[in-house]
Amino acid sequence: MTVDTPTGDLARSLSGTQDGDVVATGLVLVADDDRVMRRMLRGVLESDGYAVSEVGDGLAMLEACRQFRPDLVLLDAAMPGLDGFAACATLRQVPGAQATPVVMITALDDDASMERALRAGATDYITKPVNWSLLRQRVRRVIQERRADRRAQYLAYHDALTGLGNRAHFMERLEAVLERARSQRQRAAVLYLDLDGFKLINDTLGHDTGDLLLKAVAGRLSGCLRDGDVVARLGGDEFSITLEGVEQRSQASAAANRVLDALAQPVSVNGRELFVGASIGIALFPDDGDDAVTLLKNADTAMYRAKDGGRNTAEFYTSAMGSQVQARVSLESSIRRALESDEFRVFYQPVVDLPSGRLLGFEALVRWQHPELGLVSPGEFVPVAEESGLINPLGLLVLERACRDCRAWQARSQRPVRVAVNLSGRQFAERDLVEVVARTLSRTGLAPTLLELEITENVVMQNTDDSVAMLRELKALGIHLAVDDFGTGYSSLAYLKRLPIDSLKIDRSFVHQIPDDADDSAIVQAVVAMAHSLRLRVVAEGVETVEQAAFLRGIGCDVAQGFLFGRPQPVEFAERLVEGDGRLLAPGGIGAVKAPRPASPVAVAAVVELGR
């Protein structure tokens, strides 16, 4: 049995037809025991642009279909050994070749033979002597239909953006992996990935940039896996991987670490270097589930635990995680209900002028007054609100109430008291943010100079150019702008001097150990000096002791807030402070300034970095 192998490019192009009678390349297998007929068919088909392979009997046809996967088989009915009818019926049982189109070519022109061919699985039927024009039309039509079917099947099982398999494809492949694992008594693993920080990049830089980033991530995931491992995009920024033949947990852990290492490198997109990590959940077969649906669900559960645990890490599934995920889903549902039921409250923490000890204003902070649980900590619900997108309506609620309350304070006192409101990354990425702020100020009647918006350093730095443009538009409204959590991100003078801001807020993590910690003391001094060189006001967060306040006042820090001056309290507390004399801490009560200890090399390096 011999197979005349085709030559040339046998790629399965999915493009359309060309001009005239020539079509895009496709592979046609001719099976006929008549050598002259095979050569005549080859000549006609090759003139139309097809690649052609020839065989002389039914068994060779079956072998060629297994080997080459042709786009079409032209099959003679009457051949020695395995005739065309039997060969066609057998082909329909060959894995991967069941859908191969077959056009029967035969001298048998009776109705019974035609019906027999169709029952055997033939796609079409042409009688000899061959009408060559009719043959060319039939071949063209069948191959075009075949290509359309393949394209539809490809789209049904693949992600159009990345080219990876989609959820349906992944589940099908995972079922096959599990079936082999059961029969061979082996273990397998499922990895569920969610990109860290992708939503913010997508929102701030646009969906085109986000799509390019997803394609780059797909390439890196494919490049760091073994042959036989399957990676798929499940949707959005979520991917999944199957690992076959996993004998130990350490193998799955090593695979997850390879993925994390691959994604740790910056991705260049449109001239920008973007950083995106991943949170990975791992579920093992059969330990964590005996079927594909359960394994994927449990890997997803473990992924959320990894995200909650600090991100850019991997977690194995444990049975205890199931109840945690249910609690998270329940919490998201409760947040939605709480927004509808008006359960969120705005609390206010005093902001104090350090030289005088007098009240300057308040920072507005959201709290949840749950009807059954009482006051819920923001640390419990804010991360879930951010993940689910509920932070946007929640943030608008805080902005509206803070502006209304501040306007009411002005009516009670002649002292101008400013209110500061935090903007989440999702809010800052909204195209209509400036319009929303302007409408809120107009609706509440608050003077723009009495509103300060705080944006975290990391959010601003996601896209500096767009951030500067947005901040300038906000600044044009007349409001004050502050960079929050300064020192936890880039801390670079090169970008800081570009921002149209009024204040820097030093993160509480640097304030907590001063003045006893020499490194933190040196860093805080450097920030104050750098900010003043840019004519920026400096606010220290988390001030809890008189010693901290004394140190900050001594190095020239302008403003402070923290438990020393007051905890976040309901609006009634803020009203009483506004109506008082405004003094929260007498300058003499702060005490003498304690000089910082000599800075260590670590602090010196940090100071140098801050000034770059």
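Both radii are taken from the alpha-carbon atoms of the range 167-319; with Rh as the Kirkwood radius, Rg/Rh is 0.98. Computed from backbone phi with θ = phi - 60° and the Karplus coefficients 6.51, -1.76 and 1.60, the 3J(HN,Hα) list for the range 124-129 is 8, 8, 10, 9, 8, x Hz; x is used for glycine and proline.
Length gained on full extension, Ala254 to Glu575: 109.8 nm, using 0.36 nm per residue less the C-alpha separation. The angle between the Cα long axis of helix 391-412 and the main principal axis of the chain comes to about 20°, on a 0 to 90 degree scale. Show which aspartates and glutamates lie in cross-link reach of Lys497 when reach means a straight Cα distance below 16 angstrom and same-chain residues fewer than eight apart are skipped. Cross-link targets: Glu457, Asp465, Asp466, Asp484, Glu609. Report summary: the helix-based calculation at 222 nm, which adds -39500 (n - 2.57) for every DSSP H run with n ≥ 4 and divides by the residues of the chain, gives -14500 deg cm²/dmol. Taking Cα atoms only, the orientation of helix 464-476 departs from the longest principal axis of the chain by about 50 degrees. Summarising the amide proton neighbourhood of Leu108: residues at separation of 5 or more, or on other chains, whose placed amide H is nearer than 5 Å comprise Lys128.
Put simply, the amide H of Val230, placed in the peptide plane, has neighbours under 5 Å in Thr242, leaving out anything fewer than 5 places away on its chain. When exposed loop sites are taken as GluC sites (Glu not before Pro) in a DSSP loop with at most 10 other Cβ atoms within 10 Å, the longest stretch of the chain clear of them is 1-246. Annotation: lysines with alpha-carbon distance below 23 angstrom to Lys215 (same-chain offsets under eight excluded): Lys199, Lys307. Projected label points at His207 and Ala152, each 7 Å from Cα along the beta carbon direction, are separated by 2.6 nanometres. 3J(HN,Hα) along the range 297-314: 4, 6, 5, 4, 4, 5, 4, 5, 5, 4, 5, 5, x, x, 6, 6, 8, 10 Hz, from the Karplus curve 6.51 cos²θ - 1.76 cosθ + 1.60 with θ = phi - 60°, whole Hz, x for Gly and Pro. The DSSP beta bridges internal to the range 335-479 are antiparallel in roughly 60% of cases. Amide hydrogen proximity for Ala540: with H placed 1.01 Å from N in the peptide plane, the residues at 5 or more positions away or on another chain lying under 5 Å are Ile506, Val559, Ala560, Gln561.
Read-outs throughout are calculated quantities, based only on the coordinates presented, and are distinct from any laboratory measurement. Computed from a predicted structure; not experimentally measured. Every residue, glycine as well, gets a Cβ built from its backbone with ideal geometry; the counts of neighbours run over all protein chains shown.
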